[in-house]
Amino acid sequence: MSATLTRVLGAATAAYGLAITAKPALLARPCGLVDEKGEVPGPTALLIRAVGARDTAIGAAMAAAGDRGARRLATGSRIVSDLSDAVVFGIMLEEPDKRRKVIAFAVTWGALCAAALYTSERD
């Protein structure tokens with residue numbers, strides 16, 4: 001059952017990655033990375049799309065992982081990515097309220113993935 005949870009979280013991660021790749025504003029707006037017109041500047045969109053590609057790849061790997069080793073590697077990559085996002089966005093975002101929200105989201109998602117990995121290791 002817990003391997004199923006890891007796969008579900010992987011599929012959700014991949015879906016989110018595809019969404020922000022297609023529409024960077026989904027990540028830029030909550031982070032306060034839009035211009036005065038509410039649009040995402042080109043360099044910001046480029047970097048968000050890179051994050052989206054990363055999340056799509058890691059999420060797909062989590063969803064498709066066929067054995068414990070592959071699941072451990074893919075989910076560990078997701079956890080490290082979430083924690084690094086929390087640190088980088090937490091340090092670099094200018095607005096404290098946006099910083100707190102992004103940190104909370106990234107840490108929560110990383111913790112969910114860690115819990116899923118932990119329970120899948122116990123099966």
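The values are calculated or read from the model by the stated rules, or taken from the named source; none is laboratory data. Every value quoted in this text rests on a predicted model; they were computed, and no experiment measured them. Cβ: placed from backbone, ideal geometry, glycine included. Neighbour counts: every protein chain shown. SASA here: full protein model, heavy atoms, side chains in, ligands and nucleic acids out. Shrake-Rupley method; radii C 1.70, N 1.55, O 1.52, S 1.80 Å.
Using the rule -39500 (n - 2.57) for each DSSP H run of four or more residues, divided by the residues of the chain, the 222 nm mean residue ellipticity is -29000 deg cm²/dmol.
The residue among 114, 80, 91 whose Cα reaches farthest toward the positive pole of the charge dipole of the range 62-116, with charges on the beta-carbon of Lys, Arg, Asp and Glu, is 114. Largest first and in whole Å, the equivalent-ellipsoid semi-axes of the chain read 28, 15, 10, each the square root of five times a Cα gyration tensor eigenvalue. Applying both filters, DSSP loop and at most 16 other Cβ atoms within 10 Å, to the GluC sites (Glu not before Pro) of the range 18-123 gives 36, 39, 94. Each label point was placed 7 Å from the Cα along the Cα-to-Cβ direction; for residue 53 and residue 37 their separation is 2.6 nm.
May I ask you to compute the full-extension gain from residue 111 to residue 5, defined as 0.36 nm times their residue separation minus their alpha-carbon distance, rounded to one decimal in nm?
Working it through step by step, the gained length comes to 36.9 nm.
Only protein atoms count toward the accessible area here, which uses a 1.4 Å probe; on the range 6-123, the carbon and sulfur part of that area reaches 68 percent.
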